[in-house]
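Working notes for the structure below.
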Amino acid sequence: MKINAGLTGVLAGLGLLGSLGAPLQVSAQETTTLKVVGHAALKMLDPITTTAYITRNHGYFIYDTLFAVDANFEPQPQMVKEWSVSDDGMTYTFTLRDGLAFHDGAPVTAEDAVASVRRWAARDLTGIRMMKAAKEFVAVDDRTFRLVLAEPFGAVIDALAKPSSLVPFIMPKRIAETSPTEQIRDYIGSGPFRFVVDEFQPGVKAVYVRNEAYVPRDEPASGLAGGKIARVDRVEYLSFPDQQTAANALTKGEVDILENIYADTVGQLTGVDGVEVQKLKSSNVPTMRLNWLQPPFDNVKVRQAVLHAVSQTDFMDAQIGDPDLYTICGAMFGCGTPLATEDGAIQTAVTPDYAGAKALLKEAGYKGEKVVVLHPTDLASLSAVAPMTVQALRQIGMTVEMQSMDWATFLQRRNKKDPVDQGGWSVAYGSWNMLDLTSPLSNLNLDTRGPDGYVGWSADETLAGLKDAFAAASDPAEKKRLAAAIQARAYELVFYIPLGTYANVSAHRTGVDPLIDSPVQVYWGIAKH
């Protein structure tokens, strides 16, 4: 088999050269290894200190959750055996399942659950709101814990079942007591796979082996809920430098699954012998964040100018390319979701409003301050949006500098609040599963905490008050009215700019089960035949 030099180097680093020339074969005597190319490079391992999906996916390998959403997005007990709520809705009591144990053999206790939820709740918007409403959250005995509310909060179970960034994963108490602002250094969970620390190559390969002691639920797997049964002995979670190299490896049978592929690769792999392309039900929304702390985007008129300069059609054509795979939609809570509305959206027009943008810049008194755009080069789902942004901002007369870096560096750099001449930034991005955007309470882009909040550091008392009213409301029509008001205010101040919605697509070798129809890619229940 002829191997190009670039691919040879990559595969050698991943330890795959021994399998070249023959599709992967398994027998009853062999260790069954599933080789998955993740959607990004995994370097950060603490799922509570970053919203990065690659770290979230790592979390689902090794941690379990108290509740989890099923295929219909309904919360179901997971580590919890049974729970009850008092008639006044103010006291929740939970009991853990029998047989739960961490990978070091220690039993999972109520104190572990309480400590883990507390650490998560210190960082997560829904968790913060839940704990603000709480009067008491304590372990009652080894397997029972209790939450007593001081004020009504009807989303307790939804919060504990939160499926995506940030996920309330359960860790041993000694690890969960790590400050929520510091990275954990011990990766012990109780999930269906164990993390092999010694084989971790940051940004290259992570290895997980079956947790033989895991006790799955009796129900069939459904979404992120039900029985989590590891059907392979070992998963190698790999990072490749580009989609083409990964597609070549899949075609040759050197890897089993590509977690996400994009329009060009979909066309390349469709119809290839031995490969199956799978369009997933989940969808993603790339978003633009502007830095409210530093000039020029501390000026709302300049932020509004950027909104006018953006056309979702341009961004989706640049990033996705195939109109069959994307949707133009201004709904901050997701296209087609119960709270979807177009109130305030203008970037859904076919062409950008450059004249309006220039007028706003003039009104703002923009004096040519440099705008630094962060460009993640190795995350295929975002690699084209930064160059598109630069083009749009230069079109309206802004001074723009694009700074390129890998995804892990991007995530670290995005946390810097400094001016641009001291390593800060002006424009950054996120790529969100729609599931993370559907509620005003959990949509992190609507954070109103300013310097203490999510990157971009947006703040507004009016929007915060509207979110409080939404949390207290129970009538669906009133909640929808409030959601529309929240979105209109968020567009007025430009909390963030949705850049379009695209379908997620995966590919796998024939003989490997398709990915579970889940809002998050998980690898229990998948076998090689």
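The values are calculated or read from the model by the stated rules, or taken from the named source; none is laboratory data. Note that the structure is a prediction, hence the values are computed from the model and not measured. Cβ coordinates were reconstructed from backbone atoms using ideal geometry, including for glycine residues, and neighbour counts include every protein chain displayed. Heads up: the accessible areas ignore ligands, DNA and RNA and are worked out on the full protein's heavy atoms, side chains in. Shrake-Rupley method; radii C 1.70, N 1.55, O 1.52, S 1.80 Å.
Restricting region 294-307 to residues that are within 27 Å of the chain's Cα centre (by Cα) and not in a loop (DSSP other than H, G, I, E, B) leaves a set whose member that is surrounded by the fewest Cβ atoms within 10 Å (Cβ to Cβ) is Gln304. Restricting attention to region 377-404, the residues that are of a type outside the set (S, T, N, Q), within 18 Å of His39 (Cβ to Cβ) and open to solvent by less than 50 Å² (accessible area, probe 1.4 Å) add up to 6.
The lone criterion from (1) without any contact (Cβ under 8 Å) to a residue 60 or more places away in the chain; (2) within 30 Å of Asp406 (Cα to Cα); (3) among the small types (Gly, Ala, Ser) left unmet by Ala246 is number (1). Each residue in region 71-128 was checked for being assigned to a helix (DSSP H, G or I), open to solvent by 40 Å² or more (accessible area, probe 1.4 Å) and in contact (Cβ under 8 Å) with a residue 12 or more places away in the chain, and 2 of them qualify. Starting from residues that are in contact (Cβ under 8 Å) with a residue 60 or more places away in the chain and open to solvent by 60 Å² or more (accessible area, probe 1.4 Å), keep the ones in region 151-171 and report whichever is nearest to the chain's Cα centre (by Cα). For region 151-171, the residue satisfying everything is Asp158. Of all the residues in region 394-412, those that are over 18 Å from the mean Cα position of the chain (by Cα) and either at pLDDT below 95 or within 25 Å of Thr51 (Cβ to Cβ) (or both) number 4.
Looking for whichever is part of a helix (DSSP H, G or I), modelled with pLDDT of 95 or more and either open to solvent by less than 10 Å² (accessible area, probe 1.4 Å) or touching a Gly at 6+ places or on another chain (Cβ under 8 Å) (or both) here; the options are Leu374, Leu361. Which one fits? Spell out the reasoning first.
On the way: Leu374 fails: part of a helix (DSSP H, G or I).
Step by step, each of Leu374, Leu361 is checked, and only Leu361 is part of a helix (DSSP H, G or I), modelled with pLDDT of 95 or more and either open to solvent by less than 10 Å² (accessible area, probe 1.4 Å) or touching a Gly at 6+ places or on another chain (Cβ under 8 Å) (or both).
The residues of region 415-430 that are touching a strand residue (DSSP E or B) at 6+ places or on another chain (Cβ under 7 Å) and either assigned to a helix (DSSP H, G or I) or open to solvent by 20 Å² or more (accessible area, probe 1.4 Å) (or both) amount to a single one, Val420. Could we say that Ala477 is in a helix (DSSP H, G or I), in contact with a Gly (Cβ under 7 Å, 6 or more places away or on another chain) and open to solvent by 20 Å² or more (accessible area, probe 1.4 Å) here? It is false that Ala477 is in a helix (DSSP H, G or I), in contact with a Gly (Cβ under 7 Å, 6 or more places away or on another chain) and open to solvent by 20 Å² or more (accessible area, probe 1.4 Å).
Among the residues of region 222-243, is any in contact with a Phe, Trp or Tyr (Cβ under 9 Å, 6 or more places away or on another chain) and more than 29 Å from Asp70 (Cβ to Cβ)? Break it down into steps so the answer makes sense when it comes.
Initial filter on region 222-243 (in contact with a Phe, Trp or Tyr (Cβ under 9 Å, 6 or more places away or on another chain)): 223-225, 227-232, 234-237, 243.
From what is left, the residues that are more than 29 Å from Asp70 (Cβ to Cβ) are 243.
Within region 222-243, one or more residues are in contact with a Phe, Trp or Tyr (Cβ under 9 Å, 6 or more places away or on another chain) and more than 29 Å from Asp70 (Cβ to Cβ).
Tallying residues that are open to solvent by 40 Å² or more (accessible area, probe 1.4 Å) and outside any loop (DSSP other than H, G, I, E, B) within region 223-244 yields 3.
Among the candidates Leu444, Leu437, single out the residue that is touching a Gly at 6+ places or on another chain (Cβ under 6 Å), within 23 Å of Ala155 (Cα to Cα) and aliphatic (A, V, I, L, M). I'd like the intermediate steps shown before the answer.
Details: Leu444 fails: touching a Gly at 6+ places or on another chain (Cβ under 6 Å).
Of the residues listed, the single one that is touching a Gly at 6+ places or on another chain (Cβ under 6 Å), within 23 Å of Ala155 (Cα to Cα) and aliphatic (A, V, I, L, M) is Leu437.
Taking region 43-60 as the range and being open to solvent by 10 Å² or more (accessible area, probe 1.4 Å), under 25 Å from Glu254 (Cα atoms) and either assigned to a loop (DSSP other than H, G, I, E, B) or aliphatic (A, V, I, L, M) (or both) as the test, only Lys43 passes. Output the residues belonging to region 173-185 that are in a loop (DSSP other than H, G, I, E, B) and open to solvent by 30 Å² or more (accessible area, probe 1.4 Å). Across region 173-185, the qualifying residues are Glu177, Thr178, Ser179, Pro180, Thr181, Glu182, Gln183, Arg185. Count of region 202-218 residues, restricted to those that are open to solvent by 70 Å² or more (accessible area, probe 1.4 Å) and farther than 30 Å from Asp98 by Cβ, is 1. Please verify whether region 258-268 includes one or more residues that are at pLDDT below 95, more than 25 Å from the chain's Cα centre (by Cα) and part of a helix (DSSP H, G or I). Yes, there is a match, as at least one residue in region 258-268 is at pLDDT below 95, more than 25 Å from the chain's Cα centre (by Cα) and part of a helix (DSSP H, G or I). Test Ile188 against the stated conditions and say whether it is open to solvent by 30 Å² or more (accessible area, probe 1.4 Å) and over 30 Å from Leu446 (Cα atoms). In short, yes. Residue-level analysis places Leu42 among those that are modelled with pLDDT of 50 or more and aliphatic (A, V, I, L, M). Could you list all residues from region 485-506 that are open to solvent by 20 Å² or more (accessible area, probe 1.4 Å) and part of a helix (DSSP H, G or I)? Within region 485-506, Ala485, Ala488, Arg489, Glu492, Leu493 meet the criteria. Starting from region 289-312, keep only residues that are under 15 Å from Lys367 (Cα atoms), then list their pairs with residues that are among the hydroxyl-bearing types (Ser, Thr, Tyr) whose Cβ atoms are within a distance under 8 Å, requiring at least 6 positions of separation or different chains. Qualifying pairs under 8 Å: Gln294/Ser426; Pro296/Tyr366; Pro296/Ser426; Phe297/Ser426; Asn299/Tyr366; Val302/Tyr366; Ala305/Tyr366. Contact annotation: residue pairs with Cβ atoms under 8 Å, 6 or more positions apart or on different chains, pairing a residue in region 172-201 that is farther than 16 Å from Leu66 by Cα with a partner that is open to solvent by 40 Å² or more (accessible area, probe 1.4 Å) and part of a strand (DSSP E or B), are Phe193/Arg210; Arg194/Arg210. For region 366-394, a residue qualifies if it is in contact (Cβ under 8 Å) with a residue 60 or more places away in the chain, closer than 19 Å to Ser311 by Cβ and touching an Asp or Glu at 6+ places or on another chain (Cβ under 8 Å), and the qualifying residues are Val371, Met388, Ala392.
Total residues in region 278-293 satisfying the condition of being open to solvent by 20 Å² or more (accessible area, probe 1.4 Å) and either under 30 Å from Gly424 (Cβ atoms) or modelled with pLDDT of 95 or more (or both): the figure is 2. When region 325-347 is filtered for residues that are open to solvent by 40 Å² or more (accessible area, probe 1.4 Å) and among the hydroxyl-bearing types (Ser, Thr, Tyr), only Thr327 remains.
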